[in-house]
Amino acid sequence: MLFDTHAHLDSHKFDSDRDEVIERALAAGVDTIVNIGFNRETIPTTMALTEKYPFIYAAVGWHPTDAVDMKLEEDLAWIERLCTTHPKVVAIGEIGLDYYWDTSPKDVQQTVFREQIRLARRIGKPIVIHNRDAHEDIVKLLKEERASEVGGIMHCFSGSWETAQICLDMNFHISFGGPVTFKNARVPKEVLERVPLDRLLIETDAPYLTPHPHRGKRNESAYVRLVAETAAEIKGVSLEEIAKITGDNARRCFGITR
Ligand code: NI
């Protein structure tokens, strides 16, 4: 069975057919999904999904592009409360740095990122990392804040093998999404080939980052199967094996026992 470690099924892009999208995921062999609530709007909608569907879990955190909207103390307390009182909240995320969109100043992003790593260490939750054009500062802050004590996931990893190694050394899993299925994705395919099987994860980031051959259309959790097929091919194992291995890794990382 397949485990989609990163989805946004609460997105308004699914408002007209969400139940069918989730049905298609189950039909494609997906048995667990972690939905990501990353700001004031999407944390409640993510929690609602976890209450409706037994196989949907939540990660909650504050996204770097929304960092300016965070009321630091109040919203950290909200995230902490959800993490410590709701059994289906399995991680803090997605958190990190995004130097591509200039919606939040770098220093604000860094403060919000640091505070959430500190919270994760305090309450013992893994973290889900969003990194866009910020490899150096991501590694620097993860080191300075001793993120290796909790580890977690480098979501839709797009960096070099050198960066991947540093993240592996800090206790992180490397997760691949749709972009690794693209024909010209030389570096992601090389990194996937070298990531140890016991640290490999797969995801969709649905509705974004749609894999080949649906590139350009809306992504959905059923397509995690296409990512799994690419990973199986690169690793030289069967689809069933890659599904089992990445599923076991995800359950271990998130502390899910079902
Ligand atoms: Ni995401």
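Structural remarks
- Theoretical FRET efficiency, 1/(1+(r/R0)^6), r = Cβ-Cβ of Arg194 and Arg132, R0 30 Å, to 0.05: 0.85
- Percent carbon-and-sulfur accessible area, the chain, ignoring ligands, DNA and RNA, probe 1.4 Å: 50 percent
- Rg/Rh ratio calculated on Cα atoms of the range 64-176 (Kirkwood radius): 0.94
- Those residues of the range 50-85 whose amide nitrogen sits under 12 Å from the label point placed on Asp107, 7 Å along Cα→Cβ: none
- Label separation (Asp15 vs Tyr99): 3.6 nm, computed from points 7 Å beyond Cα along the C-beta direction.
- Accessible surface, the chain, averaged per residue in Å² (probe 1.4 Å): 43 Å²
- Principal semi-axes in Å for the chain [√(5λ), Cα gyration tensor, largest first]: 25, 21, 17
- For the range 91-102, the Karplus equation 6.51 cos²θ - 1.76 cosθ + 1.60, evaluated at θ = phi - 60°, returns couplings of 6, 9, x, 8, 10, x, 9, 10, 9, 8, 7, 9 Hz by residue, with Gly and Pro reported as x.
- Highest-first packing order for the peptide set 190-202, 207-219 is 190-202, 207-219, based on the mean count of other beta carbon atoms within 10 Å.
- Residues listed by number, the range 148-170, amide nitrogen under 17 Å from Arg114 label point at 7 Å toward C-beta: 148
- Pairwise FRET efficiency - His212 versus Arg251, Cβ, R0 = 30 Å, nearest 0.05: 0.65
- Sum of -39500 (n - 2.57) over DSSP H runs of 4+, divided by residues of the chain (222 nm, nearest 500): -13000 deg cm²/dmol
- Residues within the reach of a label modelled at Leu239 (point 7 angstrom out along Cα to beta-carbon, backbone nitrogen below 12 Å), restricted to the range 207-231, are 223-231.
- Probe 1.4 Å, all protein chains present, accessible-area order of Ile166, Ile127, largest first: Ile166, Ile127
The values are calculated or read from the model by the stated rules, or taken from the named source; none is laboratory data. Just so we're clear, the structure is a prediction, and the values are computed from it rather than from any experiment. Cβ sites come from the backbone with ideal geometry, for glycine too, and all protein chains shown count toward neighbours. Each accessible area value is taken on the protein alone, full model and side chains, heavy atoms only, with ligands, DNA and RNA left out. Shrake-Rupley method; radii C 1.70, N 1.55, O 1.52, S 1.80 Å.
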